[in-house]
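Each remark here refers to the structure printed beneath this line.
The values are calculated or read from the model by the stated rules, or taken from the named source; none is laboratory data. Quantities reported herein were computed from a predicted structural model and do not represent experimental measurements. As a convention, Cβ positions derive from the backbone with ideal geometry for all residues, glycine included, and neighbour counts pool all protein chains shown. Please note that ligands, DNA and RNA were not included when accessible areas were found on the heavy atoms of the full protein model with its side chains. Shrake-Rupley method; radii C 1.70, N 1.55, O 1.52, S 1.80 Å.
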Amino acid sequence: YWRFLHGVRDSVLGLLGPLTSADLMESSGEGLKVAYQGFPGAYSEAAAKKAYPNCQTVPCEHFDTAFQAVQNWIVDRAVLPLENTLGGSIHRNYDLLLRHELHIVGEVRLAVRHCLLANRGVKIGNLRNVISHPQALAQCEHTLTELGIEHRQAVDDTAGAAKLVAEQMLQDTGAVASSLAAELYGLDILAENIQDEKVNVTRFMMLAREPIIPRVDKPFKTSIVFSLEEGPGQLFKALAVFALREINLTKIESRPHKKRPFRVADDAFSTRVKYFDYLFYVDLEASMADPKTQNALRNLEEFATFLRVLGSYPTDVSEA
């Protein structure tokens, strides 16, 4: 199929490149530096360790910093969240995927088990406030209310919240974070598994400067982003290129097109109206090594105004 692959337009495929030394490293991640967003003890660090068990993890203050760290050769990989079963999509990372020339080379799912942490000797009844990442607070909203903690304060990171509580020796404020964060920062665990729904899983993407070579001998996903001309049935037409080839879609996410935020059209009353213009992020249950996937994208490119393959990578089939 390589001859066929090379015949497909670069703008669609852009996925094949020479092997690099990083490709030859063990899947355990030995020797890899892997960036994540947050402080040590963050769930993202746990995801990085699950993706590359023997890697050296590198904390980054912001998502953008982690992207830049890979792009500037400071680290080899980044592991960043894309979506959560309770909180939904992490839209910032969808936007950053388009801004940076990195490739998704894998995915990893992590079960998130939130804990209520506080300084030694502090009891739940002493707490008047709790701090954590906004998504963590949202995921524990009902449980925190039941525990009588009404005031919540959002910070950038769960582990950062634990670090702040410990460093400032706060007596009336707790943190929602991981059990590892409790261990790292010397805090007590007052309650475990406090998320409102017991099944709470975050899907992370693994990013690299170079793509991996897609295969057909194991389950693969392919992530793409595209935009369309204005008009009735355009999205239906786009999705049909996959349905007609029996390619399953596992996710579709629309985001406003930042470089072209509006399109102007006439409505039924001949009034000039501004509408949002959108980018569509789609995950396919397919490999770019499969000719039917290549044919689908070549078909889509015929009428899409923009199309980019973000990565073709193995599906995470492990337990979260």
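Rounded to the nearest 10 degrees, the angle from helix 234-243 to the longest Cα principal axis of the chain is 90 degrees.
When the surface is traced with a 1.4 Å probe over the full set of protein chains, S132 keeps roughly 0 Å² accessible.
One way to sum up the overall shape of the chain is the equivalent ellipsoid from its Cα gyration tensor, whose semi-axes run 39, 25, 16 Å, largest first.
Near the amide H of S89, within less than 5 Å, lie the amide hydrogens of N84, all on another chain or at least 5 residues away, with H placed in the peptide plane. Solvent exposure of region 60-100 amounts to 42 Å² per residue of accessible area, where only protein heavy atoms count and the probe is 1.4 Å. If I fit a long axis through the Cα atoms of helix 291-301 and take the longest principal axis of the Cα atoms of the chain, what angle between them do I get, 0 to 90°, rounded to 10? Compared with the principal axis, the helix lies near 80 degrees.
Annotation note: GluC sites (Glu not before Pro) in region 25-107 located in DSSP loop regions with a Cβ neighbour count of at most 16 within 10 Å are E26, E30, E61, E101. Rounded to the nearest 10 degrees, the angle from helix 158-167 to the longest Cα principal axis of the chain is 30 degrees. The C-alpha radius of gyration of region 180-222, expressed as a fraction of 2.2 N^0.38 Å, stands at 2.00. In this view, the solvent-accessible surface of E230, computed with a 1.4 Å probe and all protein chains in place, comes to about 100 Å². Give me the percent of accessible area attributable to carbon and sulfur for the chain, probe 1.4 angstrom. Of all accessible area on the chain, carbon and sulfur atoms account for 52 percent.
Using a 10 Å cut-off on Cβ atoms, rank the peptides 117-127, 179-189, 200-210 from the highest mean neighbour count down.
Ranking the peptides 117-127, 179-189, 200-210 by packing returns 200-210, 179-189, 117-127.
Summarising the label geometry, the points placed 7 Å from Cα in the beta-carbon direction at T145 and V201 lie 2.8 nm from one another.
If both residues of a DSSP beta bridge must be in region 116-192, then about 40% of such bridges are antiparallel.
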